[in-house]
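The values are calculated or read from the model by the stated rules, or taken from the named source; none is laboratory data. Treat the numbers as computed from the prediction; the structure is a model and nothing was measured. Cβ sites come from the backbone with ideal geometry, for glycine too, and all protein chains shown count toward neighbours. Protein only, heavy atoms only, side chains kept; ligands, DNA and RNA dropped before computing areas. Shrake-Rupley method; radii C 1.70, N 1.55, O 1.52, S 1.80 Å.
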Amino acid sequence: MRSLEDIPELADLHSGRSLIRVPAEQNVPFTSRVRAIVDTAEFQRLNEISQLGLVSKVYPGARHTRFEHALGVYHNALLYLRQLSKDSRFRERVTAHQAEVLIASSLLHDLGHWPFCHPIEDLGISGLVPHEVRASRYLSENAELSHVLREQWGIDPDEVLEILVPKKSDTGLKLLRSILSGPIDVDKMDYLDRDSLHCGVPYGRNFDRQRLIQSLVLNEEGDGLAITEKGKTAAELMVFARYVMFSEVYWHHAVRSATSMFARAFYSIHENVDLNRLFHSTDAEMIFELRAAAKDTPTEKLIDCLFGPQRILYKRAIELSHDQQSPAYTALAGRPYSEVVVITQRLIKRLNDEGLKLAEMDLVLDTPPPHREVEFSIDIFFPKQSQFRPLQVVSPVVDALATRQFDDWVKRVRVFIHPKHRDAVSGLNWERLLLEAVSSEG
């Protein structure tokens, strides 16, 4: 029977043989069968899809791609497997073939992503399937990628899909999924570091990745990851890194201005475009399609502000947070986007009734979406006591940052307005206006 040590990618992890280099100074094993996946049209498409989309409107270096990210996640999967292979319980539960399925899945975990995916998913458009589900379209019977998986990896594409889009509750599969999608998964381990690097900020890089990986063990049930007590501080730093990246990058006010403008524009024209074709496109192709669909409509202004020759980001008129105990924040946070659009329209009407001259797309409303970030819930193993304890129980840092409504403290309610109207709306009672727009019947 093959062992984990027989897997070519693990054998080449530190061999210095065939490799590909990605920032920052990562030597990623590039075996012939990994190259075969990377060279497919389905995977190459990821080279034309940015990882952070509209974040580059504020952080100009944030132009890295999902292609680069996928290679980083794959590299992390090898590091995790190498560490976990030292755990006898892991070797009992995970075969070499299952480990290879995880390796392939780590490369392909973003296969179903389309440009500006997350802002579009937050819109709650009817019939829109999650990007993970769309991965199945690239792993169809006749796809080049499916052929590569079968012929060179000995993997059925459905095995990869079972990791990406869970249907079975098998313990071994649950364990593999936790490595790819869990509190300290290989995806977060890469994007926090990589996003921070390309944005030019230190926040997502200030945790000890090596120490955290070296502390990996199985949880008490054997169906997920835990860490030893030696990894406690590294885990706390990772929680803080994630919190600050949300606060200072992903939900930075100017990033959210661009995101809210895009969301409002996309929502207004999504029925006039072929979504299926659009979601197979690259960044440039989608922007071209959206500009064409918005031409000679009120939405054209928003699209041109974002993707035209001159960058024009809307300005904050008001910002409300959970800690202010604002009734307007409470009334707006977590609402479906369709309701947010109606409230935005009411707000514009009320402002115009008070003498302003706002066009339909001169004001956009940004609110925390209904779904919430996954809480950081992982166990710490104390070998001397042979005991597992939840990290949030033994760590006041994690208890404060990850279990006490993480979203509420990071995500704000904001009203953004076209710069030409900024002075005209200063001094308005926005709390009252927002609450009236929420409660109004028309």
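Miscellaneous remarks
- Verdict on Gly127 being modelled with pLDDT under 95 and in contact with a Lys or Arg (Cβ under 8 Å, 6 or more places away or on another chain): no
- Among the residues of region 322-368, those that are modelled with pLDDT of 90 or more, part of a loop (DSSP other than H, G, I, E, B) and open to solvent by less than 20 Å² (accessible area, probe 1.4 Å) comprise Leu358, Met361, Asp362, Thr367, Pro368.
The rows are residues; the columns are (1) touching a helix residue (DSSP H, G or I) at 6+ places or on another chain (Cβ under 7 Å); (2) closer than 21 Å to Arg177 by Cβ; (3) among the hydroxyl-bearing types (Ser, Thr, Tyr).
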site	(1), (2), (3)
Arg211	yes, no, no
Gln214	yes, no, no
Leu225	yes, yes, no
Thr228	no, no, yes
Gly231	yes, yes, no
Ala235	yes, yes, no
Arg242	yes, yes, no
Glu248	yes, no, no
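- From Ala254, Ala284, Ala263, Ala292, residue being touching a residue at least 24 places away in the same chain (Cβ under 8 Å), over 20 Å from His198 (Cβ atoms) and in a helix (DSSP H, G or I): Ala263
- Filter result for Gly112 (part of a loop (DSSP other than H, G, I, E, B), open to solvent by less than 10 Å² (accessible area, probe 1.4 Å), of a type in the set (Gly, Ala, Ser) and under 29 Å from Val341 (Cβ atoms)): yes
- Some residue of region 201-221 being assigned to a loop (DSSP other than H, G, I, E, B), touching a residue at least 60 places away in the same chain (Cβ under 8 Å) and of a type in the set (D, E, K, R): yes
- Any hit, region 15-33, residues being in a helix (DSSP H, G or I) and modelled with pLDDT of 95 or more: yes
- Considering residues of region 222-239 that are over 17 Å from Val186 (Cα atoms) and part of a helix (DSSP H, G or I) only, the residue most open to solvent (accessible area, probe 1.4 Å): Lys230
Every residue, every condition in (1) within 20 Å of Leu313 (Cα to Cα); (2) out of contact with any Leu (no Cβ under 9 Å at 6 or more places or on another chain); (3) of a type outside the set (Ser, Thr, Tyr); (4) in contact (Cβ under 8 Å) with a residue 12 or more places away in the chain, yes or no:
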{"position": "Leu351", "(1), (2), (3), (4)": "no, no, yes, yes"}
{"position": "Leu363", "(1), (2), (3), (4)": "yes, no, yes, yes"}
{"position": "Asp366", "(1), (2), (3), (4)": "yes, yes, yes, yes"}
{"position": "Asp379", "(1), (2), (3), (4)": "no, no, yes, yes"}
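- Residue in region 52-60 that is within 30 Å of Thr95 (Cβ to Cβ) and basic (Lys, Arg) present: no
- Looking at Arg82, Arg45, just one residue is among the charged types (D, E, K, R) and either open to solvent by 30 Å² or more (accessible area, probe 1.4 Å) or not in a helix (DSSP H, G or I) (or both), and that residue is Arg82.
- Among residues of region 54-79, those that are among the β-branched types (Val, Ile, Thr) and open to solvent by 30 Å² or more (accessible area, probe 1.4 Å), counted: 1
- Region 118-165: number of residues that are touching a Pro at 6+ places or on another chain (Cβ under 9 Å), free of Cβ contacts under 8 Å to residues at least 24 places away in the same chain and closer than 22 Å to Ala41 by Cα: 4
- Some residue of region 376-392 being open to solvent by 10 Å² or more (accessible area, probe 1.4 Å) and over 27 Å from Ser215 (Cβ atoms): no
- The listed residue being surrounded by 18 or more Cβ atoms within 10 Å (Cβ to Cβ) and at negative phi, out of Asp170, Asp185, Asp156: Asp185
- Any pair with Cβ under 7 angstrom, 6 or more apart, that starts in region 94-107 at a residue that is farther than 19 Å from Ala70 by Cα and ends at one that is of a type in the set (A, V, I, L, M, F, W, C) and open to solvent by 10 Å² or more (accessible area, probe 1.4 Å): Ala96/Leu4
- Selection status of Ser169, in a loop (DSSP other than H, G, I, E, B) and polar (S, T, N, Q): yes
- Only listed residue being in contact (Cβ under 8 Å) with a residue 12 or more places away in the chain, out of contact with any Asp or Glu (no Cβ under 7 Å at 6 or more places or on another chain) and of a type in the set (Lys, Arg), chosen from Lys174, Lys232: Lys232
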